[in-house]
Amino acid sequence: MIRPRTIACFGAAGAALAVGISCAGDVAAAPPYSPTVIIGDGVNEPAGWNEGTMGIWNGKAARYNDQTGRLVFETFRKDIEGLAFRRDAYVGLECLSSGTQSENELSGYVYDASYGAGTCSSGSLSVTPSCSVTGGLGPECSPAATTVLYVSDYDGTDAECVGCTDLVHDTSSGAATVILLKATPSGTLTAGSISEHPDISTLFAAQNKDTAAWHPLGDWIITTVEMPVHAGIHPIGNGEVGMFTDIWAVYVGDEIEDAFGKIWVQLTDFQLGWTQFDDVSMIPYDAREDACSTGNQYASSDTNYPYSLFHCSEEGVAPPTSGAMRPTVARSVIADGESAGNAQMAWGARVGLNAKVSCSDTDWYPGGGVQLLGTAEITLTTTPTAIAMKYGSDIPGTLPVLVNYRGKKGPTDLIPSGYQTWKGATYGGGDPQIGNWYEPWGFSFDNERLAIATDVLRTVRSGSAPTSASNLTFPFMDVAEWEVDDSGIASVTDYNASGYDYPANSSPSPYNNWGYWEEPAAYIVYNHDYNGASPGGVASRELLAFGSNAGMSFFNALHFNDTFGLDSWIVDLGDADLVDEITDFNDGSSSEDSFDCNPDERLADFISYPTSYGVVTGILYFSHVGSPNEDGDKLGQILAMDIRTPLQNEDVLDPTP
């Protein structure tokens, strides 16, 4: 059900309200769904937070752990700067050979985490390069703020930072205050090796760390960490974008005294899979570049999307991964079988980069390129003897490593396993028509399904559906459930005139009838009495909260940045007619009156979406993000709502309580 598009009053008496919401009169008259702020704009601001240097207290992407009752979330810190250098300036600083530069426009800049704040002043280098710097367009260096992680109680209190300082590991002796390790993923159920990190001794504060998830037992968080050197600028190297990141595990348990946030295990090293790449800017060559010796081997033409946007790879080999998006871990470990005790995991695997940002429907490719689905299991394996002997009681008895690793899947309705569908035009039986995008959000409570955002199913409101992926199928992605045993994939956000009903959007025909964007998702288990034994023989129900811009009829796919916003919905997975819009932050009343591809000025006011759910507490968590303010601060907030009472009282989702 689409509610009238008017801003309602959210929040209980005395509670902080979401940015952009003002209340008049009695708050008891608010609609049944009433999220309130638990992180952001001063709410639960940690001790020592300095708004003058750090920016406004903010947060998003909260995920809850049932075992410990804690949250992990990401925060934007203005006081931690990362630097990117113009490529020629970087060559001069590092005394490097210029090498063969990638044709990808991202290669014009190089981010290097080892250069701290103060190296760049007003876009010019304030250090003297040890080698000559020549020519080049644009500023010599570009500073930008950093995303870090915080862990808090379920209600946002007692937030503690993870990775806000440089983490330096001295491998020469035991009793290190910081321990950096590296684990080798395994394609079987036998764990690979774990060693002290052979490549780095410092994990820098200025490396973005975000989109964290919990290992089910609650001692480790699984997160994306920015690669220490990569093409482009600092803000794109994060798990929200899915570019130039690896997956790490961070110890946040209480078994080891004073070890919170001080033991880091690198679980992936994607750069090891790059065989044809720009070794200065650190970016794989595009398959269409002259420097790629194998050429565009999986595409039938330069416009055969998404294969034509792949990274360059050796003959017959899958395109390499250049970054991970949103690692997602099951809520509980596998109960039995060969994988008993392991936790299922998935992530978005970036296999192609296209950095163009345009309003044109001919050269704009949203999402920055192509992303497939990576899967694995996390096993906690016995700490290697050499490490255990060296660090003794300063190291846990088990450490995380990825097993049953499957790095690149492109599931389709006909080939739900997604096995080798990246072969495109060379796939046996013809082009499998994979999607541009596979972004995981959450595992079901039985661990059998994974909610992903994808454009592979290409459902529409009416008319003919597109037969293949393109830059204009991306804005109309669905939330789908993928069976983790590879047996199927199906949309749960199809247009439904009896439930999920919405008008045409403002795109030109035929795109106006392709529907809307559905992306973030969080599973909910709901019982009438909150405690498991439902009255009147009514069984537990499984629902899915998801983000959508359905009903924002001003949405225009050809002017995505100007018209995109999100609100939150819930659908009953047992009855698609039972669906309800649960937030209404976007009414299209913005003063924006031109299409200039500026995401800071758009008809939609907010991107607000669900991210996690607590079974015991009944709390649904949301990210709520507006445009940066005049100081450049991102007004990200984390909202929380006990969903159980409104579900009982809501006649759409629960007509017979």
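The values are calculated or read from the model by the stated rules, or taken from the named source; none is laboratory data. This one's a predicted model, so the numbers in the text were calculated from it and none came from an experiment. Using ideal geometry, Cβ is built from the backbone for each residue, glycine included, and neighbour counts are taken over all protein chains shown. Surface accessibility is based on the protein's heavy atoms, side chains included, excluding ligands, DNA and RNA. Shrake-Rupley method; radii C 1.70, N 1.55, O 1.52, S 1.80 Å.
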Yes/no for residue 446 being among the acidic types (Asp, Glu), without any contact (Cβ under 8 Å) to a residue 24 or more places away in the chain and either in contact with a strand residue (DSSP E or B) (Cβ under 8 Å, 6 or more places away or on another chain) or under 24 Å from residue 309 (Cβ atoms) (or both): no
Looking only at region 142-158, count how many residues are part of a loop (DSSP other than H, G, I, E, B) and either surrounded by fewer than 21 Cβ atoms within 10 Å (Cβ to Cβ) or in contact with a helix residue (DSSP H, G or I) (Cβ under 6 Å, 6 or more places away or on another chain) (or both). 4
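Looking at the structure I just gave you, is residue 138 crowded, with 17+ Cβ neighbours inside 10 Å and modelled with pLDDT under 95? So that I can check it myself, show each step before the final result.
Working: crowded, with 17+ Cβ neighbours inside 10 Å: no; modelled with pLDDT under 95: yes.
Against the criterion (crowded, with 17+ Cβ neighbours inside 10 Å and modelled with pLDDT under 95), residue 138 does not qualify.
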Taking interchain pairs and intrachain pairs at least six residues apart, which have beta carbon atoms under 7 angstrom, with the first residue in region 196-222 and closer than 12 Å to residue 249 by Cα and the second surrounded by fewer than 17 Cβ atoms within 10 Å (Cβ to Cβ) and of a type in the set (D, E, K, R)? 219/255
Residues of region 37-60 classified as more than 21 Å from residue 239 (Cα to Cα), of a type outside the set (A, V, I, L, M) and open to solvent by 30 Å² or more (accessible area, probe 1.4 Å), total: 9
Within region 495-524, count every residue that is closer than 18 Å to residue 555 by Cα, touching a residue at least 12 places away in the same chain (Cβ under 8 Å) and in a loop (DSSP other than H, G, I, E, B). 15
If I filter region 76-91 down to residues being open to solvent by less than 10 Å² (accessible area, probe 1.4 Å) and touching a helix residue (DSSP H, G or I) at 6+ places or on another chain (Cβ under 9 Å), which single residue comes out as farthest from residue 614 (Cα to Cα)? 85
Among 578, 566, 603, 543, which is the only one that is open to solvent by 10 Å² or more (accessible area, probe 1.4 Å) and at pLDDT 85 or above? 578
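Which is among the polar types (S, T, N, Q), modelled with pLDDT of 95 or more and under 19 Å from residue 74 (Cα atoms), of 224, 190?
Working: 190 fails: under 19 Å from residue 74 (Cα atoms).
224 is the lone residue from the list that is among the polar types (S, T, N, Q), modelled with pLDDT of 95 or more and under 19 Å from residue 74 (Cα atoms).
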Between a first residue in region 330-352 that is without any contact (Cβ under 8 Å) to a residue 24 or more places away in the chain and a second residue that is of a type outside the set (Phe, Trp, Tyr), which pairs have beta carbons less than 8 Å apart while being 6 or more apart in sequence or on different chains? 340/333; 340/334
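Under the condition of being part of a helix (DSSP H, G or I) and at pLDDT 95 or above, which residue from region 393-423 is least open to solvent (accessible area, probe 1.4 Å)?
Kept after step one, since they are part of a helix (DSSP H, G or I), are these residues of region 393-423: 393-394, 421-423.
This time we only want the ones that are at pLDDT 95 or above, so: 421-423.
Working: 421: 1, 422: 23, 423: 55 Å².
Checked region 393-423; the qualifying residue least open to solvent (accessible area, probe 1.4 Å) is 421.
Looking at the structure I just gave you, is residue 217 surrounded by fewer than 21 Cβ atoms within 10 Å (Cβ to Cβ), in a loop (DSSP other than H, G, I, E, B), modelled with pLDDT of 95 or more and not small (Gly, Ala, Ser)? Give the steps one after another, and end with the answer.
Values: surrounded by fewer than 21 Cβ atoms within 10 Å (Cβ to Cβ): yes; in a loop (DSSP other than H, G, I, E, B): yes; modelled with pLDDT of 95 or more: yes; not small (Gly, Ala, Ser): yes.
Against the criterion (surrounded by fewer than 21 Cβ atoms within 10 Å (Cβ to Cβ), in a loop (DSSP other than H, G, I, E, B), modelled with pLDDT of 95 or more and not small (Gly, Ala, Ser)), residue 217 qualifies.
Would region 162-174 turn up any residue that is open to solvent by 70 Å² or more (accessible area, probe 1.4 Å), in a strand (DSSP E or B) and farther than 30 Å from residue 37 by Cβ?
yes
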Restricting region 310-336 to residues that are among the aliphatic types (A, V, I, L, M) and in contact with a Pro (Cβ under 9 Å, 6 or more places away or on another chain), the one nearest to residue 474 (Cα to Cα) turns out to be 325
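Return yes or no: is residue 177 modelled with pLDDT of 95 or more and of a type in the set (Val, Ile, Thr)?
On the way: modelled with pLDDT of 95 or more: no; of a type in the set (Val, Ile, Thr): yes.
In short, no.
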For residues that are under 32 Å from the mean Cα position of the chain (by Cα) and over 26 Å from residue 339 (Cα atoms), scanning just region 367-392, find the one that is most open to solvent (accessible area, probe 1.4 Å). 367
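Checking the condition at pLDDT 65 or above, out of contact with any strand residue (DSSP E or B) (no Cβ under 8 Å at 6 or more places or on another chain) and of a type in the set (D, E, K, R), which residue from 166, 170 passes? Talk me through it step by step, then tell me what you get.
Details: 166 fails: out of contact with any strand residue (DSSP E or B) (no Cβ under 8 Å at 6 or more places or on another chain).
Result: 170 is the single residue among 166, 170 that is at pLDDT 65 or above, out of contact with any strand residue (DSSP E or B) (no Cβ under 8 Å at 6 or more places or on another chain) and of a type in the set (D, E, K, R).
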Do we have any residue at all in region 268-279 that's in contact (Cβ under 8 Å) with a residue 12 or more places away in the chain, among the acidic types (Asp, Glu), open to solvent by less than 10 Å² (accessible area, probe 1.4 Å) and more than 23 Å from residue 428 (Cα to Cα)? yes
Give region 140-153 a look and list any residue that's touching a residue at least 60 places away in the same chain (Cβ under 8 Å) and touching a Leu at 6+ places or on another chain (Cβ under 6 Å), or say none. 143, 152
Scanning region 291-336 residue by residue, those within 24 Å of residue 108 (Cα to Cα), among the acidic types (Asp, Glu) and modelled with pLDDT of 95 or more turn out to be none
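Quick grid of which residues meet (1) at pLDDT 95 or above; (2) of a type outside the set (Val, Ile, Thr); (3) open to solvent by less than 10 Å² (accessible area, probe 1.4 Å):
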| position | (1), (2), (3) |
| --- | --- |
| 210 | yes, yes, yes |
| 230 | yes, yes, yes |
| 233 | no, no, no |
| 239 | yes, yes, yes |
| 254 | no, yes, no |
